[in-house]
Each structure stands twice: as structure tokens, then as C-alpha cells.
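Trainee: Shown below is the structure under consideration.
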Amino acid sequence: MAIWLLRLAIDRWRLAEGCTAGEGADAEPWVLTAETAHGPRIEAANQAGLAAGARPGMRLADARALCPGLKVAPSDPAGDLAFLASLALWAQRWGPWSALDAPDALLVDVSAVGHLFGGETPLLADAQAAFAKRGLAARLAIAPTAGAAWALAHFGPGRAILANPPRDGEGDRAQRGGGGSPHAPPLEDENPLRQPCGLPPPRPGEDMLANLPVAALRLDDDVLTVLRRLGLKRLGQLHTIGRDALHRRFRSRSPEANPLLRLDQLLGRAPEPLLPVVATPDPLVQRRLMEPIRHRALLDRVLGDLAADMARELEGKAQGARRLELGLWRVDGEVIVRRLEFAAATRDPAHIARLFAGKLDDVDAGFGIELLRLRASWTEALPLAQADFEAAAEAHGTSLAECVDRLTVRLGERAVRRPVAYPSHIPERAQRWQPPLAPEPASQGQLAFHQRPLKLLDRAEAIAVLYATPDGFPQRFRWRGQVHEVARVEGPERIAPEWWREKSTVRLRDYYRIEDGEGRRYWIYRHGLVGDGRGGPPEWFLQGLCA
């Protein structure tokens, strides 16, 4: 069974935003973009964005020319792939194993499974309803081979079932009603050398494969272009070309460039290896108590033992925990769950127990807690290392990761961040925020700037400036109700807009470092030039405070 998720990226974004299709944020035109050398490019768009004219592969600037109110969010291919892997494990409810068909499809082995659902048609209906319940748009198909199922899911009807296709001349003989042994030599017009592509002439009502476009063979775009130039637009038209001719024309060993191999895989005449997705159980430890506990001191002691068990479990797998989930089962059946995320992978039991202790102050034990379970839902590789190298830092509590964890528990998960440089010469876009110990993204080139102020305002504030000439230095300005006399001026530093991202009517900026009569220094800029034809008179803004 092939499952094609038509809008995987945008559906995942919509579910993360907590809105249903066509409601909430999804009612507005949104697109997911990726940074390229030529500016942002659209990777996916919701229904409102598609209706506004946005298309995948289009540049964001071109889409905004059609829809100025287009909302933008960054795409996350790695997150989409991880989400697809989790869906592959979830889809194993319909078969013993499943495989990824990146970037947006799944393959599930449903051999000898249909009778459990009342047939293959109810099986498809059950899978379609399950994906619709999760808010995911999907097209499904069942076929004897992975290639045929993929072709029907992408180019066939919404839900399609293909019976075992006849091979060689069997389909033609069955259509003619001829009997005879299945091992009898083929008729002259059924010679596989004369119909070498192997796609049997469709019987009445079984022409789904023959009417599919050649793109159903999962070929590269340049190969599809060559086939279309040869006049081969449907799979059924491949009967007019011999195997030798196709073999001479496409000799590449790559399956994506060999239509003959792809066709054999579609018909089951050539093997197509698939890599199943295997579930990896999360590290889990638990303590079932002989007597329920109600006091905090006993709870802390059991939690310390549980953390030590988790540390040994993680050490045996050479892993460290990034997220832990603690479950407390009360006697009355209620379950209390506490979650904890770490800045870096760790398996230190004392550190784990100390951080969880701050999350158990509001726990109501009721008539007692009889079961504690600790699960590592997010782990990373953490090789074994000699503990003496960081023993001093851990003894004095100076480990950076532990400090970040303590600040995160006290201030909140999103309160501890660090800025990283971003390749943009626009001051307010020159940095972004990320988790404190996450690796810095690969730089797209170092940009050399003049001296920047120590503090930038969250948003540039408009000021009134008095100057001798329209293009001259500022002499006096008013900011927040106070008038400041300018004593010294340095500049201007001209910054042009990002032409690949903004409209052509965006004005230039001339930045000045100024000092008033009391020694306070500011970073101001003039937005626009006199007579530039992009608006009225220039406007002045204060954007930062200098040292």
C-alpha cells in the first residue's frame, strides 16, 4: 500500500500551529520558504496561499507581487522527514513493516492482511479515515508491487486497488478466452521480444496502468523530457518501443534514469529493495513500590534511585538524555506527568534528580504513589568518557550545560537563548536566536560591518531632526519628548535594501553615530533621500544606543 501525503510540510505546520484546515491561521495565505542563493524560495503553500497565486518553487518576491499580504514561515525539511518516519511507525497498524519513500510518501506491506479488515477496499477506507482524522491529506493505493502502488497513488484515482497484473502474454490469452497450458510457447504476436517492455495490453476495466503518464515510473525530469519528445506520454505507448531500443537509449545504471528497469520493477519482474523502518524503543526504567508513599523525602529517594537506573540504561547504549518524562501513578489511578528538557545530552543521575526536584513541589500524592516510571523520549549520542576531566567543574557546579538547565527550569524553556549571526546587512535581520548550546548554523559568508552599537531597540523609533541642509549632518533632534543638541557626528554609512526580498520602492538608509552635549551616543538613520522618487521627504529614526 502506497500512501502519498500531498501536503506533508504545510499539514505539519498547520498541526503545530494548532489550527484545523481553513480555520485560524490556516485561513490566511501562508507559505513555507527556504533560503537559496537567489533569495527565499517557496517550498509549500496552504490552500489560501495557492488561491492567492503562490506555488512551490516560486520565488517569494514573485509571490508577494501577486499577494502582498502573504505570510511566511521557514520550512523544516529535517523536521518533515522525522515526522514522516514517525508516521511510518504509526502506519504499521496496517501491515508488518513499512518503509519511507522520501520526501512525502510511505510504503506499507499489506500482503495477506486484507482479510483482517474485511478486504482491501475496507482496508483502504480505514487508512484514509485514519489520516483524515489526523488532519493529513493523503492518497492511497494497493498494488502487487511498490512501483505500481506508488504510480496509482500519485497518478491514479483517490483510492485504487490493482489486482495481480498478468505477465507476458497471459493477459492477452485471457482476453481472447484461449485455453491451453500456461507453459505453452507464446503466440507470434505475443512474443516478448516484439513487446519487450512487458506491459500487457489492458483487459476491459483494467487499464489503470496503461493510461498512467510516464511520470509514474519515478524517473528524472530530463529522462521524462526525452520520453515526451519521443511522443511517449502514457505507459501503454511503451509497447511501440522495443527493449533493445530503450536499452541503447538509456544505459544508465541509476534506476531514476532507466525507464526499462523502472517498468520491470512496476510489473514485478525486477526486484526493488526497500529499507523498512524499525522502531527503536525509548529507554525506560520504573519502580513499583511495595507500599504507596506520600512524603516528599521518600519520593526524592525513589527518584534518585530511578535516575541512577536511567543513567545505567543510557550508559549501556552510549546515549544521553535530552528530554525525560517522569510518570507518577497514584493509588486512585490518576497519573501525574512531569517533563524536563536539557540543554545538552546528559546521564548524570544527581543532575537529573536535582532538576526534577524543582518540578515536584506541587505534586499531590493523594492516598499515595505506587509506581514511578522514567522515560527518555529524546536521546542523543553521548560517548563514554573518563569522568576525571570534568570532575572539578561538576564538583563546583560550574558546568555550562548544568547552569543552562538550572536557568531554564527557573526562568522557562524559551527564556534562555543566545544570538547567532545571520548573513544579512540589514541591522534588525543580522542575528537570530537559538537554544544556548545548539551548534551554530553554517555561515553563508562573513559580512564585514562598521562598528555597531551595543544595544539595538526592538523597533526603530521615529525622531524629529533639524539639519542645515537636506543632505547635511543632523544638528538637533527630539526623542521621547526631549531635545538633544548634537556635538559630534560620524557618518554616513549607507545601507541599501535587500533587493531580492523587498520591493523596488524601499528606500535607502544613511546611518550616523552621533553624540549629544551630555556625552550620550546614539545610532540614527535617515530613511530615504531627497528627490529619490520613492516617497515624500526623508524620515529619521533612532535604532540603537552606542557605548
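The values are calculated or read from the model by the stated rules, or taken from the named source; none is laboratory data. Quantities reported herein were computed from a predicted structural model and do not represent experimental measurements. Every residue, glycine among them, receives a Cβ derived from its backbone with ideal geometry; neighbour counts consider all protein chains shown.
Trainee: Which one is farthest from Leu162 (Cα to Cα) among residues in region 278-311 that are modelled with pLDDT under 90 and among the β-branched types (Val, Ile, Thr)?
Mentor: Thr280
Here's the yes/no breakdown for (1) surrounded by 19 or more Cβ atoms within 10 Å (Cβ to Cβ); (2) hydrophobic (A, V, I, L, M, F, W, C):
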{"site": "Ala308", "(1), (2)": "no, yes"}
{"site": "Gly316", "(1), (2)": "no, no"}
{"site": "Ala321", "(1), (2)": "yes, yes"}
{"site": "Leu326", "(1), (2)": "yes, yes"}
{"site": "Val331", "(1), (2)": "no, yes"}
{"site": "Arg338", "(1), (2)": "no, no"}
{"site": "Arg347", "(1), (2)": "yes, no"}
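Trainee: Considering only region 56-165, give the strands (runs of 3 or more DSSP E) lying wholly within it that have at least 1 residues that are farther than 30 Å from Ala27 by Cβ.
Mentor: By residue number, 98-101, 105-108, 138-142, 159-161.
Trainee: Quick check on my filter: what residues within region 454-501 are surrounded by 15 or more Cβ atoms within 10 Å (Cβ to Cβ), within 23 Å of Pro419 (Cβ to Cβ) and without any contact (Cβ under 8 Å) to a residue 60 or more places away in the chain?
Mentor: Hit for region 454-501 is Glu493, nothing else.
Trainee: Could I ask something else about it? Sort out which residues of region 93-108 are in contact (Cβ under 8 Å) with a residue 60 or more places away in the chain and of a type outside the set (Val, Ile, Thr), and write them in order of number.
Mentor: Trp94, Gly95, Trp97, Ser98, Ala99, Leu100, Asp101, Pro103, Asp104, Ala105, Leu106, Leu107 - these are the residues of region 93-108 that are in contact (Cβ under 8 Å) with a residue 60 or more places away in the chain and of a type outside the set (Val, Ile, Thr).
Trainee: Out of Glu17, Glu28, which single residue is over 16 Å from the mean Cα position of the chain (by Cα), at pLDDT below 90 and of a type outside the set (Gly, Ala, Ser)?
Mentor: Glu28
Trainee: Name, by its number, the condition in (1) in contact with a helix residue (DSSP H, G or I) (Cβ under 9 Å, 6 or more places away or on another chain); (2) more than 30 Å from Arg228 (Cβ to Cβ); (3) surrounded by fewer than 16 Cβ atoms within 10 Å (Cβ to Cβ); (4) not assigned by TED's automatic domain parsing to the domain that holds Glu380 that does not hold for Val277.
Mentor: (3)
Trainee: Evaluate region 508-529: report whether one residue or more is surrounded by 14 or more Cβ atoms within 10 Å (Cβ to Cβ), part of a loop (DSSP other than H, G, I, E, B) and within 37 Å of the chain's Cα centre (by Cα).
Mentor: yes
Trainee: Here's another thing I want to ask about it. Restricting attention to region 352-379, report how many residues are within 21 Å of Arg414 (Cβ to Cβ), surrounded by 14 or more Cβ atoms within 10 Å (Cβ to Cβ) and of a type outside the set (Phe, Trp, Tyr).
Mentor: Number satisfying all stated conditions: 2.
Trainee: Could you grab me the full set of residues in region 281-301 that are buried (at least 16 other Cβ atoms within 10 Å of the Cβ) and over 14 Å from Ala365 (Cα atoms)?
Mentor: Answer for region 281-301, where residues must be buried (at least 16 other Cβ atoms within 10 Å of the Cβ) and over 14 Å from Ala365 (Cα atoms): Pro283, Val285.
Trainee: Same structure again: Please give the number of the condition Leu66 fails out of (1) in contact with a strand residue (DSSP E or B) (Cβ under 9 Å, 6 or more places away or on another chain); (2) farther than 30 Å from Asp126 by Cβ.
Mentor: Leu66 satisfies all of (1) in contact with a strand residue (DSSP E or B) (Cβ under 9 Å, 6 or more places away or on another chain); (2) farther than 30 Å from Asp126 by Cβ except (1).
Trainee: May I ask you to list pairs of residues, at least six apart or on different chains, whose Cβ atoms are under 7 Å apart, with the first in region 528-539 being touching a residue at least 24 places away in the same chain (Cβ under 8 Å) and the second being assigned to a loop (DSSP other than H, G, I, E, B) and of a type in the set (Gly, Ala, Ser)?
Mentor: Listed by first residue and then by second, the contacts come to Arg534/Gly528; Gly535/Gly528; Pro538/Gly528; Glu539/Gly528.
Trainee: Provide a single number: the residues in region 95-113 that are acidic (Asp, Glu) and either under 10 Å from Ala2 (Cα atoms) or over 18 Å from the mean Cα position of the chain (by Cα) (or both).
Mentor: Total meeting the criteria: 2.
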